[in-house]
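The values are calculated or read from the model by the stated rules, or taken from the named source; none is laboratory data. It should be emphasised that the depicted structure is a prediction, and the values quoted were computed from it without experimental measurement. Every residue, glycine as well, gets a Cβ built from its backbone with ideal geometry; the counts of neighbours run over all protein chains shown. SASA here: full protein model, heavy atoms, side chains in, ligands and nucleic acids out. Shrake-Rupley method; radii C 1.70, N 1.55, O 1.52, S 1.80 Å.
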Amino acid sequence: YFLDKSDKYDSRDVERFQQDDKWIENYLIWRHDVVDDTLKMIDESFQWRKEYTVNDLSESVLPKWLFETGALFLHGYDKEGYKLFWFKVKHHIRDPKQQFEKKKLVAFWLEHYAKREHGKPLTVVFDMAETGISHIDLDFVRFIVSCFTDYYPNLLRKIVIFEMPWIMNAAFKIVKGWLGPDAISMLKFTNRSDVQEHIGAEYLPPHMGGTDSFKYSYPPLVDDDFQTPLCENGPITSEDEHESKEELEADTKMNSIEQIAKSEESEKTDVKPKNAKKALTTFKGPLLHISPAEELYFGSKETGDKKCLIVLTNVTKNVVAFKVRTTAPEKYRVKPSNSSCEPGTSLDIIVSLHGGFAASLQDRFLIMAAEMDQSSGGGVPELAQFWKEVPRTKVMEHRLRCHVTESSKPSSLTFKENAFNIPAKTNEDLHIQVIVYSFLTHLLQINKRLEEQMNRCLWFQQLSVVISLLSVTVAAFCFYL
């Protein structure tokens, strides 16, 4: 079969076909173990995968505006624990010129999810609130249906349709004809009163009667790791391994001083961004305490700061397995990226930039942790098997953003190795810089208090002048009368 149509398939799909039994099993399940129907489906899906270059789809090859529209994204789970694939229909406008690229976006998300979750089914949500006739695109809907019925076997759990306008009833009668009897049974038409039968309020936006404050954005925020692909890190390169821990600690302390200075400087501004928090904080999770809590601070190409330290503290009575993922595995090296932490102990994770790469604000890190049984080993094979078997509900996840410090800002209180012409290599010099910084911080606080007192005095002075003028005016008016 393959020999006859080898030119119509991607060789990577053929290779996976010969090695991945689970993938082929899903095709058989979806076609009720009828071999001829299964072969036909595989043939169609393989040809489609080559036509849409599915194996090569990534954020870099798709237009940025596709992600910015927010029409498609993965976020949250239904009540059965299946991932939610959202279609915000109001953000989709029918345009034949953009149709092929939009279809590729659907393929990108489905392929990304299917590979990451090893074919675990997902729930599709068509949010049709605030939609009208201009949003009806039967060709696009048919493509989405075909993805689940013909190209991605056994990936669909159910389709939740929220507040479908009456004007679209006729269109969905056509859609039902495309779905087939098995998929039709998965259709769930809902509104505000009954949508929580399928999805809990914690993963429903307010307009659907839920409490989820999540708002899709691009570049993605850390609210949901599925907004952008997250890949396991590769091994630490040899040059990173030979660097001394003392030098790393010095670099880390310098980064910490920069974080303090940055937070002090931001306090002086009148306008603060929402959800702004102090840089030097600790996330206190049920399994691990993670420091820093929110951001890893890297330097720009000019500053040259290429290392950060993540400290994990096991607060349980059992061994906790952890692994670290990143959205940019080609940039970063993490040591260790997949290991375990003994009860009551702390462990340092070194995050370093590889080669000539520079950190970016769009880069994200995900730390996953789960308790292990006492009988489980801590070796690589045991950890690999553990992560395959552990239920998702027992996995703690925490996400970190990347922050890039700039040296070009004159007002920034950052201390580099050449600041004040003092080398920052020894602990004694670091101590001196900390003292100097503390002194400057104290001066800034005094200056701030004096400024506040002066502002109050000026305010009282202005108020006194106004009251005096009013008094004179009233007195003059009374005298006139």
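Things worth noting here:
- Surface composition of the stretch 283-403: carbon and sulfur make up 51 percent of the accessible area, probe 1.4 Å.
- Solvent-accessible surface (1.4 Å probe) assigned to HIS112 amounts to roughly 30 Å².
- Per residue accessible area in Å² of the stretch 283-403, where ligands, DNA and RNA are left out and the probe is 1.4 Å: 43 Å²
- Ordered from longest to shortest, the equivalent ellipsoid semi-axes for the stretch 57-208 are 21, 19, 17 Å, each the square root of 5 times a Cα gyration tensor eigenvalue.
- Here the calculated FRET efficiency for ILE93 and PHE477, from their Cβ-Cβ distance with R0 = 60 Å, stands at 0.35, rounded to the nearest 0.05.
- Extension gain, CYS457 back to GLU101 (0.36 nm per residue minus Cα-Cα distance, nm): 121.9 nm
- The slack in the chain from MET186 to PHE17, taken as 0.36 nm per residue of separation less the alpha-carbon distance, amounts to 58.1 nm.
- The C-alpha radius of gyration of the stretch 11-52, expressed as a fraction of 2.2 N^0.38 Å, stands at 1.11.
- Over 27 Å between alpha carbons, listed pairs LYS22/LYS50; LYS307/LYS394; LYS22/LYS83; LYS115/LYS158: LYS307/LYS394
- Fraction in percent of alpha-carbon pairs per bin - 10 Å, the stretch 85-129: 24, 47, 26, 3
- Set against the 2.2 N^0.38 Å expectation for a compact globular protein, the stretch 283-403 has a Cα radius of gyration ratio of 1.08.
- Accessible surface, the stretch 57-208, averaged per residue in Å² (probe 1.4 Å): 43 Å²
- At q = 0.13, 0.17 Å⁻¹, base-10 log of I(q)/I(0) for the stretch 63-139 (Debye sum, equal scatterers on each alpha carbon): -0.42, -0.71
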